[in-house]
Amino acid sequence: MTHLSRTAGMLPSIIYGVGLSPNRMARRHVSRSDAKDLAAERVDRLFELAGKAGREGNPSRAKRYVTLALKMGERHKVPAIHKRKYCPECHAFFVPPRNLRVRTGAGRVSMTCLECGHVLRYPMRPRNEG
């Protein structure tokens, strides 16, 4: 057996690593805390893009960004600061004069989505005087 024939049989294991075939590459491990941080960054970025798209008059793109952020949020929690920025029914990103009506009264804030008609009601906090 010549030197060339010996190395020809070993070539796939050198290229792909020991025990790996070209169709099944090894996956890199990501720790939970790193995955959570990465997901939070991506959710923040998707909400930024949704806000930009909504203000520019592209509601379908904004809705898509919110849907992607919420899908990512199924595994990693969506931060609370984003909870009031979209409609939980139709996933429309709120741009107040265009698709959101805000009313105050009776100790609460009522937010009405003008795309689907869903009403969100939140208690108002008393003002701190001083």
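Observations on the model:
- Annotation note: Cβ proximity below 6 Å between a residue of the stretch 88-116 that is charged (D, E, K, R) and a residue that is assigned to a helix (DSSP H, G or I) (sequence gap 6+ or interchain) occurs for Glu115/Asn99.
- The lone exception for Met25 - which of (1) at pLDDT 90 or above; (2) more than 13 Å from His91 (Cβ to Cβ) it fails: (1)
The values are calculated or read from the model by the stated rules, or taken from the named source; none is laboratory data. Predicted model, so just to flag it, every value in this text is computed and none were measured. Virtual Cβ from ideal backbone geometry, glycine too; neighbours counted across all protein chains shown.
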